[in-house]
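Structure first, then comments.
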Amino acid sequence: MVGTDVRFDLVLLPGDGIGPEVIGAAEVVLGVVGDELRREGMALACVKHPIGGAAIDETGEPLPQATLEAALGADAVLLGAVGGPRWDSLGPSQRPEAGLLGLRQALEVYANLRPATMLDGLAERSPLRSESVGGLDLLLVRELTGGVYYGQPRGREGQGASRKAVDTMAYADNEIRRVAHVAFRAARRRRGRVTSVDKRNVLETSRLWREVVDEVAGEYPDVEVQHQLVDSMAMLLVQTPSAFDVVLAENMFGDILSDELGGIVGSLGVMPSASLGDSGRGLYEPVHGSAPDIAGKDIADPLGAILSVALLVEHSLELPWVARAIESAVQGALALGLRTPDIASGRAGERLVGTREMAGEVARLLAQELFTRQSLNGAYF
């Protein structure tokens with residue numbers, strides 16, 4: 001039994017569009033997690049703050065100081081989604097996405113983990129043949145605080161036919177090295193293979209990327225490393241996605257490839273992510289966007305947010321048995337045939353449900369799973 005003075009503080013950032021709905025679903029699951037922690041002599045406290053467009057409407061800025069301070073003081077942060085067309089006319093530094101980029105930078109979470117797993121029963125949703133995606137269990141490690149999204153100078157100038165825009169891609173040795181270590185350590189816990197993605201035939205940053213990755217690889221003789229150009233990697237993920245273990249990519253390449261993986265596994269709605277640094281504090285969020293066209297309709301898929309809770313529980317709270325139970329509950333809900341519209345195929349045995357019902361069923365199965373394990377004298381393995 002852990003002492004009762006152990007308390008985990010979480011900050012929830014619902015954001016925009018479907019963000020509040022999927023975070024609401026995650027809260028239902030977190031309620032069950034909190035019950036389990038209390039049985040173990042711990043406490044879980046959650047507080048909400050605005051970010052993105054919602055924060056702009058409320059405070060005039062996408063990342064209010066109160067939100068930032070709360071996030072910096074938390075054990076972990078769970079984010080819904082940001083952005084939407086109603087804020088598209090704002091300048092780059094005032095747009096909702098600036099709040100997310102600023103939060104990542106402030107939290108110093110430089111390694112984004114994006115698991116791509118073929119969940120049971122969803123192979124028919126993939127555009128690829130079932131034999132290509134069967135057993136898919138890939139981890140994309142994306143560098144998160146460097147590259148073209150943060151490089152300077154950036155901006156626009158001129159009018160009419162004289163308009164010009166510039167973005168700068170820049171990487172330093174240490175930025176590449178630290179995220180490469182994350183990828184190689186992850187590979188040691190998995191199947192021992194890292195595929196590093198770059199564009200070294202064109203980009204100087206990619207030539208440095210490959211050099212540094214090879215240097216880091218020398219510290220992991222038990223891990224196999226290979227390199228792929230980003231365009232060929234995009235093709236290989238369509239041809240043989242199950243052949244890969246850990247994929248390491250810089251910021252923009254990782255962003256693009258993770259969306260491709262969302263299509264391969266059947267929906268971005270089921271993909272979670274964890275953004276980690278050296279502090280132990282993490283930022284967790286589903287990979288999907290704010291999807292304003294379906295906001296408020298109770299049809300958004302909450303599984304990406306719920307599986308992001310599993311990553312949060314594992315990496316920031318260091319409670320792997322609870323993380324495994326959440327994953328098992330998600331698989332259990334799918335095994336019962338529950339489907340939100342994005343993962344429904346119309347096959348016999350499926351039951352179309354909304355965001356809230358899916359979350360409620362996962363929470364019910366999670367409570368059942370944890371109770372069963374508790375009854376087995378804490379055999380959480």
Mind telling me which of the residues 162, 130, 126 ends up being of a type in the set (Ser, Thr, Tyr) and crowded, with 16+ Cβ neighbours inside 10 Å? 126
Which one of 239, 228 is modelled with pLDDT under 95, in contact with a helix residue (DSSP H, G or I) (Cβ under 8 Å, 6 or more places away or on another chain) and farther than 30 Å from residue 355 by Cα? 239
If you go through 325, 310, the only one that is assigned by TED's automatic domain parsing to the domain that holds residue 12 and either over 30 Å from residue 9 (Cα atoms) or in contact (Cβ under 8 Å) with a residue 40 or more places away in the chain (or both) is 325
With 334, 352 as the choices, which residue is touching a Leu at 6+ places or on another chain (Cβ under 9 Å) and free of Cβ contacts under 8 Å to residues at least 60 places away in the same chain? 352
Looking at region 107-128, can you tell me whether even one residue there is touching a residue at least 12 places away in the same chain (Cβ under 8 Å), within 20 Å of residue 255 (Cα to Cα), aliphatic (A, V, I, L, M) and touching a Pro at 6+ places or on another chain (Cβ under 6 Å)? no
Of all residues in region 292-329, how many are in a helix (DSSP H, G or I) and of a type outside the set (Gly, Ala, Ser)? 18
When you go through 100, 144, 90 one by one, which is the residue that is in the same structural domain as residue 291 (by TED's automatic domain parsing), crowded, with 20+ Cβ neighbours inside 10 Å and touching a residue at least 24 places away in the same chain (Cβ under 8 Å)? 100
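The values are calculated or read from the model by the stated rules, or taken from the named source; none is laboratory data. Being a predicted model, the structure only gives us computed values, none of them experimental. Note that each Cβ is placed from the backbone with ideal geometry, even for glycine, and that neighbours are counted across all protein chains shown.
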